[in-house]
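The values are calculated or read from the model by the stated rules, or taken from the named source; none is laboratory data. Just so you know, these numbers come straight off a predicted model, no measurement behind them. Cβ placement follows ideal geometry from the backbone for every residue including glycine, while neighbour counts extend to all protein chains displayed. Ligands, DNA and RNA are excluded from the accessible area calculation, which covers all protein heavy atoms including side chains. Shrake-Rupley method; radii C 1.70, N 1.55, O 1.52, S 1.80 Å.
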Amino acid sequence: MKQSIFTVENNECLAKNTYELILSGDTSDITKPGQFVNIKLDGCFLRRPISVCDYDDKTLTLIYKVVGRGTEFMSKLTKCDKLDILTGLGNGYDLSKSGDTPLLIGGGAGIPPMYKLAKELIKEGKNAAVILGFNEEQELFYEDKFKELGTKVYITTADGSKGIKGFVTEAMKNISYSYFYVCGPEPMLRAVYKESIAEGQFSFEERMGCGFGACMGCSCKTKYGNKRICKDGPVLFKEEIIW
Amino acid sequence: MVDTKITLSGLALDNPIIPASGTFGYGYEYAELYDINMLGSFSFKGTTKEPRFGNPTPRIAECSEGMINSVGLQNPGIEKVIEEELPKLKKCFSKKVIANISGFSIEEYVHCCEKIDGEKQVGLIEVNISCPNVHNGGMAFGTSPESAFEVTKAIKEITKKPVYMKLSPNVTDIVSIAKACEEAGADGLSLINTLLGMRIDLKTKKPVIANKMGGFSGRAIFPVALRMVYQVYEAVSIPIIGMGGISKAEDVIEMMLAGARAVQIGAENLVNPYICKQIIEDLPKTMEKYKIESLENIVGGAH
Ligand SMILES: Cc1cc2nc3c(=O)[nH]c(=O)nc-3n(C[C@H](O)[C@H](O)[C@H](O)COP(=O)(O)OP(=O)(O)OC[C@H]3O[C@@H](n4cnc5c(N)ncnc54)[C@H](O)[C@@H]3O)c2cc1C
Ligand SMILES: Cc1cc2nc3c(=O)[nH]c(=O)nc-3n(C[C@H](O)[C@H](O)[C@H](O)COP(=O)(O)O)c2cc1C
Ligand code: FES
């Protein structure tokens, strides 16, 4: 974990209520896709946890959905604004288990961490496929960015306005995969758990106090004992999850 | 050179800054960030006889200038704390630690205090009779002078280390509880614990926290905590550790003027993990600014 000041390089609306925030600063503590950062915002007592979408030596990309006061404030950030951010939080995805044909499944605000994960898996020569789930076409983002990586991209929308009509599980039915990685709202995680035919990793959300393991605000029970979503998660293995 | 040293029932502290129980775990997460040996001491997570998972999640809700938690005393149990956490802690913290103990019966308090009393690393025992999170437990002891007296007395009979009773603010008259603890032989008092509070989510129209209510703390509660420390200081002659909403060096001085000999910092650690280090570094200049040479001399100065 590291606390440092990041500078806003760009903050742009990608789709309905969805923004991409590009920051420059010290990313040295970010080591794996699936980790998150915790952002201090003026007027909010608690920090806001947001997944790492992409990073390199000095740039950090986040994608967030405006759902309340904190994310509303974030949507108004402009170039050169400064943000106090805790980086390097959470365990991140274990890439070693992916097999040759991993499937990456992201729903809505759960899509961002899939981007860096896809990038890394492809770099390792894996034949990754991605399912991106939305409610409607206006929410669609990053379809082209994923395609540019060379992955096969499946789009699902709940209302059928784009791609396959239905939830991500609809797309899963016709794909064969060696392993899967998923991030999204809990009902989606449950559905994927039931539908999946291989082992995989799930990224969870929980309301957090600290985000770095000190307050026990985010605990959950697993088959391997109690875990803190912020420190021992947010990624859990399929085999250990207790719903 | 200003003097930040203070003693608590014979325990000498380099400074009065102590992270509060439940917000500092067993120290390791913070030891990754800075040398926690600079702290006066720290109070570890509330520990019970048996391991506890605590309450269902969500356990956290945000408030203006504060937060609500209903962690519900998640801890590995006294046995494991002694066998595993304390030896691990020894590697990153060489000073004496404050052992925070909770319970659901007098027997449980006595059991835990007796066990922890034998541990060299422990400087003093802080007994939480005030945690508002647990339906049938903690709350009851801290809300009547009689039960506060009873539990204090039972613990004092089996311990050698100084015992500080940690009081709940969720009472009509905190002074009567404080006096009962003093009468029963408490060596000191810690106050305040969290205030019972709640939030409702406008989207779901239901309480944010699974347990509906939880403990409110953070900057917003500072004036309430200060007032209670001030009132209790007038009524007792044992030392007080003051806490509730402290977020800067000025607050520390204010709390000490109200009557605290040392202070604890809770919720602020969660949003600024460096806060205790920063306050320790700011304290000397802040003392100079207000022409304070020694903290020892200002305790209760506002009375
Ligand atoms: C590990 C992790 C990674 C996340 N990654 C992303 C991401 O990449 N993109 C994205 O859009 N969102 C992400 N979220 C959800 C994001 O944290 C919330 O949407 C955000 O905190 C809402 O803040 P707010 O002030 O706008 O909403 P408010 O509802 O006003 O927030 C009030 C409080 O509730 C908390 N809260 C509200 N919703 C959530 C939630 N879903 N999960 C956790 N806490 C919540 C807030 O942090 C705050 O403390 C992630 C959450 C977690 C735990
Ligand atoms: C997440 C959290 C967990 C806590 N757990 C405990 C605990 O286990 N035992 C205890 O005596 N107090 C506990 N407290 C109360 C704090 O130690 C402190 O008394 C209170 O929060 C007031 O200080 P603050 O306003 O600086 O947070 C907890 C507080 C928080 C925020
Ligand atoms: S949010 Fe504090 S331990 Fe996870």
> Comparing the chain by itself with all protein chains present, which residues of the range B:17-47 are at least 40 Å² less accessible (probe 1.4 Å)?
Replying inline: B:E29, B:E32, B:L33
> Is the shape of the range A:82-157 rounded, prolate or oblate, going by the alpha carbon gyration tensor and its root eigenvalues a ≥ b ≥ c, with a/c under 1.5 for rounded and a/b larger than b/c for prolate?
Replying inline: oblate
> Which FRET efficiency value, to the nearest 0.05, do you get for A:A198 and B:M38 by plugging their Cβ-Cβ distance into 1/(1 + (r/R0)^6) with R0 = 60 Å?
Replying inline: 0.75
> Picking from B:L195, B:V127, A:F204, whose Cα lies most toward the positive end of the charge dipole for the protein assembly as shown (charges on Cβ: Lys, Arg +1; Asp, Glu -1)?
Replying inline: A:F204
> When the dipole is taken about the Cα centre of the range A:95-240, and only Lys, Arg (+1) and Asp, Glu (-1) are charged at their Cβ, what size is it in debye, to the nearest 20?
Replying inline: 400 debye
> Accessible area drop of at least 40 Å² (1.4 Å probe, protein heavy atoms): which residues of the range B:70-114 qualify, relative to the chain alone?
Replying inline: B:Q74
> Just B:K160, B:K289, B:K80 to compare: in a GNM of chain B, with alpha carbon springs under 10 Å, which one fluctuates most?
Replying inline: B:K289
> Given the rule -39500 (n - 2.57) for each run of at least 4 DSSP H residues, summed and divided by the residues of chain B, what is its mean residue ellipticity at 222 nm, to the nearest 500 deg cm²/dmol?
Replying inline: -9000 deg cm²/dmol
> Quick one: which bits of the range A:34-51 get at least 50 Å² less accessible when the partner protein chains are in, versus the chain alone, with a 1.4 Å probe?
Replying inline: A:F45, A:L46
> Ordered by residue, what ³J(HN,Hα) values in Hz, to whole numbers, does the range B:287-303 give under the Karplus form 6.51 cos²θ - 1.76 cosθ + 1.60, where θ = phi - 60° and Gly and Pro are x?
Replying inline: 4, 4, 4, 9, 6, 10, 8, 9, 5, 3, 7, 9, 4, x, x, 7, 8
> When the solvent-accessible surface of protein heavy atoms is calculated with a 1.4 angstrom probe, in what order do B:E84, B:E107 fall, highest first?
Replying inline: B:E107, B:E84
> Roughly speaking, what is the centre-to-centre gap between the range B:39-88 and the range B:161-236 when only Cα atoms are used, to the nearest Å?
Replying inline: 17 Å
> Per-residue accessible area for B:I158 at 1.4 Å probe radius, Å² rounded to 10?
Replying inline: 50 Å²
>> In whole Hz and in residue order, list the ³J(HN,Hα) couplings for the range A:106-112 that follow from phi through the Karplus curve 6.51 cos²θ - 1.76 cosθ + 1.60, θ = phi - 60°; x for Gly and Pro.
In response: x, x, x, 5, x, 6, x
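Compare the peptides B:179-191, A:37-49, B:239-251, B:111-123 by average per-residue count of other Cβ atoms within 10 angstrom and give them in order, highest first. Can you show the working numbers first?
Values: B:179-191: 22.1, A:37-49: 20.1, B:239-251: 24.5, B:111-123: 17.5.
Those peptides, ordered most packed to least, come out B:239-251, B:179-191, A:37-49, B:111-123.
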> What residues have an amide H closer than 5 Å to that of A:L14, excluding those fewer than 5 places away on the same chain, when H is modeled at 1.01 Å from N in the peptide plane?
Replying inline: A:Y19, A:E20
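Which number comes out as Rg/Rh for chain B once both Rg and the Kirkwood Rh are worked out on C-alpha atoms?
Values: Rg = 17.9 Å, Rh = 19.0 Å.
Expressed as Rg/Rh, it is 0.94.
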> In cubic angstrom, how much convex hull volume per residue do the alpha carbon atoms of the range A:1-159 span?
Replying inline: 107 Å³
> How far is the Cα center of the range A:1-57 from the Cα center of the range A:65-92, in Å?
Replying inline: 5 Å
>> Tell me the per residue accessible area of the range B:6-298 using a 1.4 Å probe; a whole number in Å² is fine.
In response: 37 Å²
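Tell me the total accessible area that B and A bury against each other, 1.4 angstrom probe, in square angstrom rounded to 100.
Values: alone 12910 and 11170 Å², together 21530 Å².
Answer for the B-A pair: about 2500 Å² buried.
Share of chain B's accessible area from carbon and sulfur, percent, 1.4 Å? All intermediate terms of the calculation are to be shown ahead of the outcome.
Working: 6100 of 11640 Å².
Carbon plus sulfur share of accessible area: 52 percent.
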>> Run the paramagnetic zone check for B:D201: 7 angstrom along Cα to Cβ, then residues of the range A:169-206 with backbone nitrogen under 13 Å.
In response: A:185-187, A:205-206
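Of B:K120/B:K212; A:K165/A:K227; A:K58/A:K126; A:K32/A:K221, which sit over 31 Å apart, Cα to Cα? Numbers along the way, then the final one.
Values: B:K120/B:K212 40 Å; A:K165/A:K227 36 Å; A:K58/A:K126 26 Å; A:K32/A:K221 24 Å.
Too far apart for the 31 Å limit: B:K120/B:K212; A:K165/A:K227.
Please give the charge dipole size of the range A:2-89, origin at the Cα centre, charges +1 on K and R Cβ atoms and -1 on D and E Cβ atoms. Round to the nearest 20 debye.
Values: 12 positive and 12 negative charges, 72 e Å.
It comes to approximately 340 debye.
Is it possible to state the helix-based mean residue ellipticity at 222 nm for chain A, with each DSSP H run of 4+ residues giving -39500 (n - 2.57), the sum divided by total residues, to the nearest 500 deg cm²/dmol? What is it?
Working: 5 runs with 41 residues, N = 243.
The helix contribution divided over chain A gives -4500 deg cm²/dmol.
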>> Below 8 Å, C-alpha to C-alpha, sequence gap of six or more: please give me the relative contact order for chain A in percent.
In response: 18 percent
> Rolling a 1.4 angstrom probe over the protein heavy atoms, how many square angstrom per residue are accessible across the range A:95-240?
Replying inline: 41 Å²
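On average over all directions, what projected area in square nanometres does the range A:95-240 have, based on the convex hull of its Cα atoms?
That works out to 8.7 nm².
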> Using the heavy atoms of the protein chains alone and a 1.4 angstrom probe, what is the accessible area of the range A:2-89 per residue in square angstrom?
Replying inline: 41 Å²
